[in-house]
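Student: Below is the structure I would like to discuss, written out as structure tokens.
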Amino acid sequence: MVKKYYCDYCDRSLTDNAENRRKHLEGVQHQNNVKLHYDSYKDPVELLIENSKNPTCRKFKDDGYCPYGLSCKYSHVPKGIDFTFVDPHYYLAHNPHLLQRQTNRFNIQQVWNRPSQPSVQNVKYKLPPGLPKNLPPSLRPPPPTGYDFSHAAQWD
């Protein structure tokens, strides 16, 4: 039986021998995954300040989306933001998408101008055929406009 080595950082397994393990541990993808793992424990403000020192990511600036996410070597902070004058806590509170692990496609207006009201997308769900019409609430798809939580109790 062949022994397997499982890498928690990369979520993959490989045949366990010295050569394969060395190649994997020295690989760029593994190094990036280790950095992302340890960066997830850093203070978000510290990460934001570190990231802002890099050149601006053209892909993120033009499209509002970067396929590299947090592993991008460029900054997703707009040029001209100087954190010696701008409070990084305030900036991060109003731009939480900058440090999300998985980035979604944003409209460029949403990313750089941050509209006051989020847009509601009409998401249609298709239920599998043969299900009864009167499903219990836990199995029903959410309404297209989302749920109204305005009457929910607030946690302190």
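The values are calculated or read from the model by the stated rules, or taken from the named source; none is laboratory data. Just so it is clear, the structure is predicted and the values come from calculations on it, not from any experiment. As a convention, Cβ positions derive from the backbone with ideal geometry for all residues, glycine included, and neighbour counts pool all protein chains shown. We work out accessible area using only protein heavy atoms, side chains counted, and drop any ligands, DNA or RNA first. Shrake-Rupley method; radii C 1.70, N 1.55, O 1.52, S 1.80 Å.
Student: Express the accessible area of region 1-41 per residue in Å², computed with a 1.4 Å probe while the remaining protein chains stay in the model.
Tutor: Heavy-atom accessible area per residue stands at 82 Å².
Student: Per 5 Å bin from zero, what fraction in whole % of the C-alpha pairs of region 1-41 is there, up to the bin with the longest pair?
Tutor: Spelled out per bin, shortest first, that is 5, 23, 30, 21, 11, 6, 2, 0.
Student: Quick one: dipole size for region 1-41, taken about the Cα centre, charges +1 on Lys/Arg Cβ and -1 on Asp/Glu Cβ, in debye to the nearest 20.
Tutor: With Lys and Arg at +1 and Asp and Glu at -1, about 160 debye.
Student: Still on this structure: What does the highest-first list of 16-26, 38-48 look like by mean Cβ count within 10 Å?
Tutor: Per-residue Cβ counts within 10 Å, averaged per peptide and sorted highest first, yield 38-48, 16-26.
Student: Using the structure shown, select from Lys23/Lys59; Lys53/Lys79; Lys53/Lys73; Lys23/Lys73; Lys3/Lys23; Lys23/Lys53 the pairs with a Cα to Cα distance greater than 21 angstrom.
Tutor: Violating the 21 Å Cα-Cα cut-off are Lys23/Lys59; Lys23/Lys73; Lys23/Lys53.
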